[in-house]
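Engineer: Questions regarding the structure given below will be posed in turn.
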Ligand code: BEZ
Ligand code: FE
């Protein structure tokens with residue numbers, strides 16, 4: 001039998017009590033947000049006639065998501081990370097700070113404290129001899145085209161199986177993670193291996209949520225960046241390696257046309273030697289344009305839970 005009780009004075013009074021409206025302490029903002037959230041959920045329970053079985057199955061699923069620290073994985077799958085990006089893009093537009101290389105989501109797999117190098121770094125530990133060698137390079141400039149020397153370019157990506165060091169215990173510490181400081185011409189260079197796309201672990205609570213929506217948990221091959229320099233807006237972004245079947249079907253909604261990069265296979269001994277490489281390699285070029293700002297709060301990444309962030313910072 002379907003009943004509707006949400007709009008009764010009894011339920012409305014109950015909501016006010018649950019949200020702490022009749023209490024002097026606590027945070028007014030927290031109370032208002034929790035009140036709104038609970039009101040939307042209570043109404044949903046009424047509208048969809050949610051059964052106790054469905055409710056408690058959802059609580060069980062949330063417990064499992066929490067136990068596996070999977071909320072950071074589910075959030076991009078439910079579009080929250082991209083929605084926050086859309087809001088930050090709109091804020092930049094309103095502040096007159098639009099322009100430069102576009103942002104896209106950070107994802108939950110960053111690890112703080114990667115080794116730092118001046119100008120050039122090798123990112124892979126050399127253990128994966130079957131992978132394609134990647135030469136990743138570019139120039140950091142401001143939106144007037146001036147090179148930014150001394151910019152911090154933090155790069156991290158998956159291995160050829162789609163796994164990230166730290167989260168994948170088979171990889172060495174900080175494998176495929178480096179911070180490179182740009183040279184006098186604003187350039188950075190990295191030797192690494194071509195990554196594969198990431199996939200949400202089969203059977204995980206996040207996978208179960210996606211499957212209930214008829215969706216998959218795959219991402220196309222991509223490379224993450226944090227770029228910062230004094231006097232410039234911090235940029236969190238990623239590039240996608242063109243040609244991946246998931247380019248426009250990313251479960252985390254991070255692909256942007258401007259961030260699609262075509263790798264160029266180079267099979268020329270002299271070109272390889274000039275980069276200190278031994279054989280054929282794929283060159284991936286990603287130039288970055290940073291907007292200028294004097295606002296200190298816009299010059300660094302926003303706070304969020306990140307692996308080893310406390311230990312490193
Ligand atoms: C990733 O960047 O690999 C990623 C992003 C969102 C969810 C899971 C993984
Ligand atoms: Fe990633």
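Engineer: Would you be able to tell me the number of residues in region 193-212 that are in a loop (DSSP other than H, G, I, E, B), touching a helix residue (DSSP H, G or I) at 6+ places or on another chain (Cβ under 9 Å) and surrounded by fewer than 19 Cβ atoms within 10 Å (Cβ to Cβ)?
Structural biologist: Of the residues in that region, 2 qualify.
Engineer: Next question, about the same structure. For residues that are modelled with pLDDT under 95 and more than 17 Å from residue 237 (Cα to Cα), scanning just region 95-117, find the one that is farthest from ligand 1 (Cβ to nearest atom).
Structural biologist: 96
Engineer: Only one of these conditions is not met by residue 158: (1) within 13 Å of ligand 2 (Cβ to nearest atom); (2) more than 20 Å from the chain's Cα centre (by Cα). Which number is it?
Structural biologist: (2)
Engineer: Test of understanding: among 27, 69, which residue is within 16 Å of ligand 1 (Cβ to nearest atom) and exposed (fewer than 14 other Cβ atoms within 10 Å of the Cβ)?
Structural biologist: Exactly one residue qualifies, and that residue is 69.
Engineer: Got at least one residue in region 247-259 being assigned to a strand (DSSP E or B), closer than 18 Å to residue 155 by Cβ, modelled with pLDDT of 95 or more and touching a helix residue (DSSP H, G or I) at 6+ places or on another chain (Cβ under 8 Å)?
Structural biologist: So far as region 247-259 goes, no, none of its residues is assigned to a strand (DSSP E or B), closer than 18 Å to residue 155 by Cβ, modelled with pLDDT of 95 or more and touching a helix residue (DSSP H, G or I) at 6+ places or on another chain (Cβ under 8 Å).
Engineer: Okay, next question. Which one is surrounded by the most Cβ atoms within 10 Å (Cβ to Cβ), of the residues in region 217-238 that are within 16 Å of ligand 2 (Cβ to nearest atom) and assigned to a loop (DSSP other than H, G, I, E, B)?
Structural biologist: 219
Engineer: How many residues are more than 16 Å from ligand 1 (Cβ to nearest atom), surrounded by 15 or more Cβ atoms within 10 Å (Cβ to Cβ) and closer than 16 Å to residue 112 by Cβ when one looks only at region 138-174?
Structural biologist: Total meeting the criteria: 3.
Engineer: Something else now. Can you pull out every residue in region 237-265 that is more than 12 Å from ligand 1 (Cβ to nearest atom) and free of Cβ contacts under 8 Å to residues at least 24 places away in the same chain?
Structural biologist: 242, 243, 248, 257, 260, 262, 264, 265
The values are calculated or read from the model by the stated rules, or taken from the named source; none is laboratory data. Every value quoted in this text rests on a predicted model; they were computed, and no experiment measured them. Counting neighbours? That spans all protein chains shown, and the Cβs are built from the backbone with ideal geometry, glycine included.
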